[in-house]
Amino acid sequence: MTYRNGLVVGKFAPLHRGHELVITNALAQCERVHVLSYSKPELARCEPARRQAWIERSFPNVHCVVVDDAWLRARGVAPSIVVPNNDAEDAVQRDFVSYLCREELQIAVDAVFTSEDYGDGFARSLTRGLRARWPDHPEIAHVSIDRARQLVPISATSIRADPHARRDYLSAHVYSNFVDRIAILGGESTGKSTLAIALARHFATECVAEYGRELWEAREGRLEYADLLSIAEQQVEREQRASAQSLRYLFCDTSPATTLWYCLDLFGRAEPKLRALASRRYPLQVLCAPDFPFVQDGTRRDDAFRHRQHDWYLKHLECNEDPWLLATGPIEERVRQVEAALSRSDAGRAAAAGVSTLF
């Protein structure tokens, strides 16, 4: 190995192929690679825990530290030391990284790896900063990786503007965080499964089938109390897996709220963890109206039960902060209603972020 301790610093918001190229090169040249990330303000869908998870999943052998003000306070750092704003001057950013390496992480860095023009100056500044603790610290090398962005012609800013158009520059587990999961709810025989499939086909993406229904049929209608929490957890796990293969949206045939309903109806109680999963956030929840003729397939209750379930969903959604839509009419009309709601939601978020939806 050429270097003992290599350092890669960035927001990684989000972690993309260019970042991965830099880190991969650092791993090839260093005994130990330290990846340092911070951002102020935090950027949407790129919060500290997510960035930490992205980096550690892609590079389990690196030492990853994601810093925010809460991290500093937890370590007892003086209140005067805070994460600098993203638009702070270079000198402020460099002093902060020097402080972290010198005082908090105690890393004697041999080389910094970047794809930026500032790399040489950063290495010189970091050398001066570390010599305040270790006077004989050698000069830190700057290793430039794909500075011209020829190998990976992308930036995190352009990805944030439209992650779906640039998904090829993101690992699947990173891109999945930008997929909107849309919950399709409804009583028995309200067309929710048919709608989820139709929406997935319309948007050329994926849908998630209802695990609880599958288990109910496999068990011939006999479920134990403990099964309900397991059903909700499995449903969420299916969402997690399917989101990595989806494009922009993932349509979910029911959510843990459905499992909570059946748990309360069957057993009159529910585990706190199931209640927590039932409050899971979705950018849009679609409630299918019971305006289809009721179809008895041998596993369902009756129309009165369907309406009672629908009323429970209405109360649940009205107490929830997430946007929701009552879908009515034939399947084709319901698809149009959902499409319109999603278009309004996307435009609203783009306007709030100051991002054009046109390219």
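The values are calculated or read from the model by the stated rules, or taken from the named source; none is laboratory data. Everything quoted here is computed from the prediction, not taken from an experiment. Quick reminder, even Gly has a Cβ in these numbers, built from the backbone with ideal geometry, and neighbours come from all protein chains shown.
So which helices (runs of 4 or more DSSP H) stay within the stretch 1-110 end to end and still have 2 or more residues that are more than 29 Å from residue 139 (Cα to Cα) and among the hydrophobic types (A, V, I, L, M, F, W, C)?
In the stretch 1-110, 48-58, 69-74 are the helices (runs of 4 or more DSSP H) which contain 2 or more residues that are more than 29 Å from residue 139 (Cα to Cα) and among the hydrophobic types (A, V, I, L, M, F, W, C).
Could you please let me know if residue 185 is touching a helix residue (DSSP H, G or I) at 6+ places or on another chain (Cβ under 6 Å), among the aliphatic types (A, V, I, L, M), modelled with pLDDT of 95 or more and outside the structural domain of residue 54 (by TED's automatic domain parsing)?
yes
Identify the residue in the stretch 80-119 that is within 28 Å of the chain's Cα centre (by Cα) and without any contact (Cβ under 8 Å) to a residue 12 or more places away in the chain and, among all such residues, is surrounded by the fewest Cβ atoms within 10 Å (Cβ to Cβ).
Of the stretch 80-119, the ones within 28 Å of the chain's Cα centre (by Cα) are 82-88, 93, 96-97, 100, 105, 113-116.
Now drop any that are not without any contact (Cβ under 8 Å) to a residue 12 or more places away in the chain, which leaves 87-88, 93.
Values: 87: 8, 88: 13, 93: 20.
The selected residue is 87.
Within the stretch 136-227, which helices (runs of 4 or more DSSP H) (wholly inside it) include 3 or more residues that are under 20 Å from residue 281 (Cβ atoms) and under 20 Å from the mean Cα position of the chain (by Cα)?
Correct list: 172-175.
Please go through the stretch 125-137 and pick out each residue that is loosely packed, with under 12 Cβ neighbours inside 10 Å and either of a type in the set (Ser, Thr, Tyr) or touching a residue at least 12 places away in the same chain (Cβ under 8 Å) (or both). So that I can check it myself, show each step before the final result.
Pass one, the stretch 125-137, residues loosely packed, with under 12 Cβ neighbours inside 10 Å: 134-136.
If the condition is that a residue be loosely packed, with under 12 Cβ neighbours inside 10 Å and either of a type in the set (Ser, Thr, Tyr) or touching a residue at least 12 places away in the same chain (Cβ under 8 Å) (or both), then 134 is the only one that fits.
Condition first: under 19 Å from residue 155 (Cβ atoms) and of a type in the set (A, V, I, L, M, F, W, C). Now tell me which residues in the stretch 9-35 satisfy that. Please lay out each step first, then the result.
Filtering the stretch 9-35 down to residues under 19 Å from residue 155 (Cβ atoms) leaves 9-25, 35.
Of everything in the stretch 9-35, those that are under 19 Å from residue 155 (Cβ atoms) and of a type in the set (A, V, I, L, M, F, W, C) turn out to be 9, 12, 13, 15, 21, 22, 23, 35.
Kindly establish whether residue 77 is in contact with a strand residue (DSSP E or B) (Cβ under 6 Å, 6 or more places away or on another chain) and of a type in the set (A, V, I, L, M, F, W, C).
no
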